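The values are calculated or read from the model by the stated rules, or taken from the named source; none is laboratory data. Keep in mind it's a predicted model, so treat the numbers as computed, not measured. Quick reminder, even Gly has a Cβ in these numbers, built from the backbone with ideal geometry, and neighbours come from all protein chains shown.
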Amino acid sequence: MDKNRVYIFDTTLRDGEQVPGCQLNTVEKIQVAKALEGLGVDVIEAGFPVSSPGDFNSVIEISKAVTWPTICALTRAVEKDIDAAADALKYAKHKRIHTGIGTSESHIRYKFNSTPEEILERAVKAVKYAKKYVEDVEFYAEDAGRTDNEYLARVVEAVIAAGATVVNIPDTTGYCLPSEYGAKIKYLMDHVQNIDKATISTHCHNDLGMATANTMAGILNGARQVEVTINGIGERAGNTSLEEVAMILKCHKGIGIDTNINTQKIYPISRMVSNLMNMPVQPNKAIVGKNAFAHSSGIHQDGVLKNVQTYEIIDPHDVGVDDNSIVLTARSGHAAVKYRLECLGVKVEGEKLDKIYKDFLVLADKKKQVNDDDLLVLAGAERTEAHNIKLDYLQVTTGKGLKPVASIGLDISGEKFQAADTGNGPVDAAINALKQIIRRKMTIKEFTIQNINSGSDDMAKVHMQVEFNKHVYYGFGANTDIVTASVEAYIDCINKFTK
Ligand code: KIV
Ligand code: ZN
């Protein structure tokens, strides 16, 4: 192992994909996996195969599609999980099983109703079992952040003796302070006899906003693998952001530790993941947020104009932010659209490209310039093609002093339906009209309109959560017409529970 290098273990497709509403289909997961390979990650955690046939199949297909990174599959310390992981990894060129168990007092007592000794035995047994299938076995001590260091060191030593090649020390609840987490890693480096036989990994959650700081504390104290996700997505408040760790190490050369990340590919993959998962990136997000390189105050603008280094520690080009990204118009050809999509990590050809190009021309007619986000939305539009319920037409009359009225047409499995209604606003009228056709008790729980970047002709993106039968369903819609985008997001939700 190169001590001056930290290995990047990406878990966007496992921890990231666990986020409600962020689920991807296998084709989309392959697209992300290939982009991660291009980015230069060392390990891709591709899923939790025993959890569902979809996850199992995705691990198989990602294993086939990806060449260089190690493909990793998650398991509990349970034989049937490990069997499923080994089976799903059969086509991977480099494979790893990631098994583990909770080690904190509360996990041992409340989750497993067990004892520390029994948990230690189960941990060792799981590693030995996984070792029958693969050479590369990673062990995670879930909730290590709140696990007593002395006991944790015993577990780590035992699993390394059993054959673990990597040991993951998750701060599962995002509780640790950076000083505490760094000290934990140092304690393990100093007290585990056989520590030189394995790589120590960080896996930090962001519940208190300390995931990146904790990961850095881990690296500074000896961890040489970091578990991260694109845009920091993941359970609850998310995981450590890949882009933040990669850029910290790039900016702080004095630390003397490198990654294999091609940082110029960071921004395109960030956009791709955000678009495919319908998960907006907060504008002030470090490195990839819309405002990350925008200087708005007069004093800052003045400084930047005199010398960019006054307020800019990162050259936007270093993370792939491309000033020329808004260049497509109605006069752009097939090849330009194909090329721009390729720059964004999306490879399309044949009929699919023709369809995207057709939609592009329609959009370019409505907008003067089609930007990268618009293109990614068009590239993902096929996800609605298999829907049973489609919006046929929508007409809304609204304005000051008028009661908004909407008439709507739906195509439900080829049959046409229409209805009209009023509401307290145009969206309300349109949804009331829709509910005349689909008579179910549905409640909107969340409704976000995003991304009007550049003028009143821009494309609106709507994210919506609709509750039906005590479950919440996530939907997305994009259109230059905000009301249509809203109704499409609503229909996207309905399609999820009427599948
Ligand atoms: O946060 C966590 O502890 C995890 C483990 C399953 C690695 O995601
Ligand atoms: Zn996690």
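What to note about this one:
- Pairs where the first residue, in segment 1-16, is closer than 25 Å to ASP196 by Cβ and aliphatic (A, V, I, L, M) and the second is within 10 Å of ligand 1 (Cβ to nearest atom) and outside any loop (DSSP other than H, G, I, E, B), C-beta under 9 Å, 6+ apart: ILE8/GLU227
- Leading residue by the ranking (farthest from ligand 1 (Cβ to nearest atom)) among those in segment 166-207 that are more than 24 Å from GLU244 (Cβ to Cβ) and in contact with a helix residue (DSSP H, G or I) (Cβ under 8 Å, 6 or more places away or on another chain): GLN193
- Hey, LYS366 closer than 21 Å to PHE476 by Cα and basic (Lys, Arg) or not: yes
- Unmet requirement for LYS285, which otherwise passes all of (1) at pLDDT 95 or above; (2) within 16 Å of ligand 1 (Cβ to nearest atom); (3) out of contact with any Leu (no Cβ under 9 Å at 6 or more places or on another chain): (2)
- The set of residues from segment 213-239 being farther than 15 Å from VAL273 by Cα, modelled with pLDDT of 95 or more and within 15 Å of ligand 1 (Cβ to nearest atom) comprises ASN214, THR215, GLY218, ALA223, GLN225, VAL226, GLU227.
- Among the candidates ALA92, ALA126, ALA77, ALA130, the residue that is more than 13 Å from VAL159 (Cα to Cα) and small (Gly, Ala, Ser) is uniquely ALA92.
- When each of TYR181, TYR187 is tested for being within 16 Å of ligand 2 (Cβ to nearest atom), in a helix (DSSP H, G or I) and more than 14 Å from TYR140 (Cα to Cα), the lone residue that passes is TYR181.
- Out of ASN231, ASN239, ASN275, sole residue that is in contact with a strand residue (DSSP E or B) (Cβ under 6 Å, 6 or more places away or on another chain), surrounded by 19 or more Cβ atoms within 10 Å (Cβ to Cβ) and farther than 17 Å from THR199 by Cβ: ASN239
- Some residue of segment 78-94 being more than 22 Å from the chain's Cα centre (by Cα) and among the aromatic types (Phe, Trp, Tyr): yes
- TYR140 satisfies every condition listed in (1) among the aromatic types (Phe, Trp, Tyr); (2) under 23 Å from the mean Cα position of the chain (by Cα); (3) away from ligand 2 (no atom under 16 Å from the Cβ) except (3).
- The residues in segment 144-165 that are closer than 16 Å to GLY222 by Cα, within 16 Å of ligand 1 (Cβ to nearest atom) and polar (S, T, N, Q) can be counted, and the count is 1.
- Subset of segment 208-232 [within 11 Å of ligand 2 (Cβ to nearest atom) and outside any helix (DSSP H, G or I)]: GLU227, VAL228, THR229
- Looking only at segment 97-119, residues that are more than 16 Å from ligand 2 (Cβ to nearest atom) and under 23 Å from GLN225 (Cα atoms) come to 1 in all.
- Scanning segment 40-83 for residues that are out of contact with any Phe, Trp or Tyr (no Cβ under 7 Å at 6 or more places or on another chain) and among the basic types (Lys, Arg) yields ARG76, LYS80.
- Any hit, segment 25-35, residues being small (Gly, Ala, Ser), away from ligand 2 (no atom under 16 Å from the Cβ) and over 29 Å from TYR473 (Cβ atoms): no
- Per-region count, segment 94-126, residues in contact with a helix residue (DSSP H, G or I) (Cβ under 8 Å, 6 or more places away or on another chain), of a type outside the set (S, T, N, Q) and in a loop (DSSP other than H, G, I, E, B): 1
- Residue within segment 98-113 that is away from ligand 1 (no atom under 16 Å from the Cβ), in the same structural domain as VAL32 (by TED's automatic domain parsing) and buried (at least 16 other Cβ atoms within 10 Å of the Cβ) present: no
- Tally of residues being in contact with a Pro (Cβ under 9 Å, 6 or more places away or on another chain), outside any loop (DSSP other than H, G, I, E, B) and closer than 19 Å to ASN278 by Cα across segment 341-391: 1
- Take the conditions (1) in a loop (DSSP other than H, G, I, E, B); (2) within 16 Å of ligand 1 (Cβ to nearest atom); (3) surrounded by 17 or more Cβ atoms within 10 Å (Cβ to Cβ); ILE261 misses just one of them, which is (2).
- Qualifying residue in segment 52-59 (condition: part of a helix (DSSP H, G or I), charged (D, E, K, R), modelled with pLDDT of 95 or more and touching a Pro at 6+ places or on another chain (Cβ under 8 Å)): yes
For every residue, the table says whether it meets (1) farther than 21 Å from VAL134 by Cβ; (2) within 16 Å of ligand 1 (Cβ to nearest atom); (3) in a strand (DSSP E or B).
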{"site": "ILE8", "(1), (2), (3)": "no, yes, yes"}
{"site": "LEU13", "(1), (2), (3)": "no, yes, no"}
{"site": "GLN18", "(1), (2), (3)": "yes, yes, no"}
{"site": "GLN31", "(1), (2), (3)": "yes, no, no"}
{"site": "LYS34", "(1), (2), (3)": "yes, no, no"}
{"site": "GLY38", "(1), (2), (3)": "yes, no, no"}
{"site": "ALA46", "(1), (2), (3)": "no, yes, yes"}
{"site": "TRP68", "(1), (2), (3)": "no, no, no"}
{"site": "ASP87", "(1), (2), (3)": "no, no, no"}
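- Criterion applied to ILE412, ILE408, ILE444 was being under 18 Å from CYS493 (Cβ atoms) and at pLDDT 95 or above, and the one residue passing it is ILE408.
- Any hit, segment 300-308, residues being charged (D, E, K, R), at pLDDT 95 or above and out of contact with any Gly (no Cβ under 7 Å at 6 or more places or on another chain): no
- Yes/no for GLU157 being within 16 Å of ligand 2 (Cβ to nearest atom), among the acidic types (Asp, Glu) and assigned by TED's automatic domain parsing to the domain that holds HIS107: no
- Checked against the criterion of being part of a helix (DSSP H, G or I) and assigned by TED's automatic domain parsing to the domain that holds THR67, the candidates TYR133, TYR175, TYR91, TYR129 yield just one match: TYR129.
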